[in-house]
Amino acid sequence: MKWSPSRSLVSLLVIVLVTSCGCIYPKGSANAISPPMGTTGIPAINATSLSPTIGVPVTKTNDPPSTPAGRSSLNVLRGEPFTINGTVVDLSITKVQVWVLDANISTTMIPVMPDGSFQITLDSLKTAALSRTFSSAIVVQYPAPPDRFTVMLNTTSGEVIATASGRITPILAHLNDAGTYPTTQADYLEQGITAAGNSDTIYFLNGVDAWIAIDPLGPGQPRMLAVRGNTSLPAGTELSIRVATINAHPTPQNYDFSHEISEGTAVVSSGIEGANHYAGIIDTSRLNTGKYNILVETGDDNLQANTMSTVDLIAPLPAHAEQGNYINWSHLALPPLVVNETIFPVMLEAEWQIVSPGTQVKNNEVPYGSVIDCAPDGICRIFNQSGIQFLAVYNSNEAHSMGVPNGAMVDTESVGNVTSIKLSGEVILIKIDEYPRGS
């Protein structure tokens with residue numbers, strides 16, 4: 001997403017990465033030869049008029065989830081039509097309002113089909129005009145039934161107003177702040193829309209001049225990683241490749257990123273039928289176990305192209321468990337922990353989340369009363385409140401962070417190398433860090 005003249009997707013991940021175990025935060029609110037950017041759907045928004053027109057979608061379509069869908073960042077090929085497909089859950093809604101933020105603010109009403117689907121298509125003139133220094137934004141506003149839009153654009157004054165009062169709220173006033181990027185305008189607009197009782201989906205549009213595809217990669221060990229794929233970029237184009245942890249979070253000064261980020265390069269070679277090739281070898285031998293983004297880009301403002309994929313890297317487990325961190329077990333009020341050696345470790349899907357019993361959907365969601373023991377053998381075993389093991393995961397980057405319910409109290413001092421989390425005075429989770437983290 002291009003937030004500023006420093007447009008690189010890679011730069012977005014250099015910001016913050018994991019530090020120590022127990023990083024806690026509150027739970028808030030195949031070889032493609034055609035462009036993998038495709039269309040994600042809206043009726044055509046014309047470059048010279050905001051009246052809906054019939055647009056021709058490109059080869060591939062990326063369909064977002066049913067609304068409200070939150071936010072997505074989309075690569076859009078300049079000079080080609082681009083469509084966004086959407087749906088509404090409430091079939092009484094007959095139209096959605098589409099806001100286009102691209103150094104200007106404009107809107108159009110898009111009809112919703114009887115099945116709840118709608119389309120928004122940017123024509124080739126509109127995509128050709130996408131900025132090279134910032135991301136444009138599209139905000140799809142869903143009305144409160146029946147079709148009540150609580151925020152509108154005054155086409156006479158150009159001001160965004162709350163329809164109930166006909167006035168500009170303090171939040172909406174920021175939309176006209178000088179020098180505000182569309183991505184920031186989308187933030188203000190969303191706040192105004194939700195405060196007034198409507199909902200929305202935001203799409204950040206990143207203009208690119210060519211497409212890049214990455215061949216799928218299965219889980220592997222941290223060593224020499226071959227990143228290859230196809231692209232419409234011309235032969236001879238230099239590419240940068242970065243493998244960076246997905247689990248990004250605050251870091252101290254002079255943090256050693258070598259265990260969470262690795263970089264390399266590749267050069268595009270000639271192919272057939274518009275699909276050239278590239279391949280790069282990245283040394284990932286120093287990377288910790290975890291989930292990683294793979295970012296491939298040109299780094300050329302005159303020939304912008306980038307893409308991202310993911311890979312799981314799993315370091316070999318120690319042949320013999322090493323000496324772990326000291327744990328004063330006598331100070332822990334625990335049931336006997338019953339290890340089940342038939343449960344083999346899997347990769348944690350994301351950072352830990354503490355949830356109400358019976359509501360777990362992903363393996364990183366653990367119910368109240370759980371005990372997590374990250375042992376010296378590189379495996380975190382999860383026990384229920386009775387001490388029965390029900391899961392084992394690799395001690396990955398993701399296992400070093402945890403989201404907690406609002407209002408929870410986090411205690412990392414009472415017992416060394418142990419994190420205790422309480423909610424309303426009750427212990428809802430204990431995490432024991434026996435595994436010595438040397439990096």
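Answer yes or no as to whether Tyr326 is of a type in the set (Phe, Trp, Tyr) and either closer than 30 Å to Thr412 by Cβ or assigned by TED's automatic domain parsing to the domain that holds Val427 (or both).
So Tyr326 passes the test.
If only one of Ala333, Ala319 is hydrophobic (A, V, I, L, M, F, W, C), in the same structural domain as Gln385 (by TED's automatic domain parsing) and assigned to a loop (DSSP other than H, G, I, E, B), which one is it?
Residue meeting the stated conditions: Ala333.
Go through (1) buried (at least 18 other Cβ atoms within 10 Å of the Cβ); (2) in contact with a helix residue (DSSP H, G or I) (Cβ under 8 Å, 6 or more places away or on another chain) one by one and return the number of the condition Gln191 breaks.
Single failed check for Gln191: (1).
Can you name the condition, by its number, that Val393 falls short on among (1) of a type outside the set (D, E, K, R); (2) surrounded by fewer than 22 Cβ atoms within 10 Å (Cβ to Cβ); (3) at pLDDT 95 or above?
(2)
Restricting the stretch 163-188 to residues that are surrounded by fewer than 19 Cβ atoms within 10 Å (Cβ to Cβ) and among the aliphatic types (A, V, I, L, M), which is nearest to Ile110 (Cα to Cα)?
Ala164
Among the listed residues Leu130, Leu74, which satisfies the condition of being under 19 Å from Leu205 (Cα atoms), hydrophobic (A, V, I, L, M, F, W, C), assigned by TED's automatic domain parsing to the domain that holds Ala196 and not in a strand (DSSP E or B)?
Leu130
Given the structure, is Tyr435 surrounded by fewer than 17 Cβ atoms within 10 Å (Cβ to Cβ) and touching a Gly at 6+ places or on another chain (Cβ under 7 Å)?
Judged against the criteria, Tyr435 is not a match.
The values are calculated or read from the model by the stated rules, or taken from the named source; none is laboratory data. Nothing here was measured: the structure is a model prediction, and the numbers come from that model. Positions of Cβ are backbone-derived with ideal geometry, glycine not excepted, and every protein chain shown enters the neighbour counts.
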